Amino acid sequence: MPEKHLYEYAVIRVVPRVEREEFINVGILLCAWKSNFLKCKIALNQEKLKALDPSADLELLMDHLNSFEKICVGSPDGGPISKYDLASRFRWMTAVRSSIIQTSRPHTGLTDDLETTFERLFEENVL
């Protein structure tokens with residue numbers, strides 16, 4: 001029987017006008033620290049974003065969203081957070097905040113295949 005991996009995931013959201021509390025899902029974070037797995041994937045639907053806030057700065061927003069990916073892989077240009085261990089990086093990225101980029105509360109699950117589960121969650125929650 002294949003080994004089951006315990007994981008946590010969160011949906012990354014863009015809330016262009018925090019006071020209105022409207023958001024679009026733009027990415028997924030998935031972490032399974034016992035399996036040394038932390039991954040992020042982003043897909044920003046610019047039409048949806050412009051419908052919520054026509055004045056949104058897409059370039060700046062993408063720079064900030066790309067920092068999530070840099071932190072996940074531990075990139076040297078991901079800032080000091082990218083040097084933390086996997087669990088700490090996931091906790092930092094999923095901390096509750098009132099800003100343009102937010103995440104859902106973390107959810108847990110078990111899977112035989114982390115990559116397949118990651119892609120399924122991305123398709124179900126973002127695309």
When region 53-83 is checked residue by residue, the ones that are assigned to a loop (DSSP other than H, G, I, E, B), among the hydroxyl-bearing types (Ser, Thr, Tyr) and touching a helix residue (DSSP H, G or I) at 6+ places or on another chain (Cβ under 7 Å) are SER75
Output the residues belonging to region 1-44 that are within 19 Å of LEU60 (Cβ to Cβ) and of a type in the set (A, V, I, L, M, F, W, C). ILE12, VAL14, VAL15, VAL18, PHE23, ILE24, VAL26, CYS40, ILE42, ALA43, LEU44
Evaluate the following for PHE23: is it over 19 Å from THR116 (Cα atoms) and in contact with a Cys (Cβ under 7 Å, 6 or more places away or on another chain)? no
Among (1) closer than 22 Å to ARG97 by Cβ; (2) not in a loop (DSSP other than H, G, I, E, B) - the single one GLU47 does not satisfy: (1)
Quick one: would you say GLU115 is charged (D, E, K, R), assigned to a helix (DSSP H, G or I) and closer than 15 Å to VAL14 by Cα? no
All but one of (1) of a type in the set (A, V, I, L, M); (2) under 20 Å from LYS34 (Cβ atoms); (3) surrounded by 12 or more Cβ atoms within 10 Å (Cβ to Cβ) hold for LEU61; state the number of the condition that does not hold. (2)
Can you find a residue that is of a type in the set (S, T, N, Q), at pLDDT 95 or above and in a helix (DSSP H, G or I) anywhere in region 12-25? no
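The values are calculated or read from the model by the stated rules, or taken from the named source; none is laboratory data. This structure is a prediction, so every number in the text was calculated from the model and none was measured. Note that we place each Cβ from the backbone using ideal geometry, even for glycine, and neighbour counts take in every protein chain shown.
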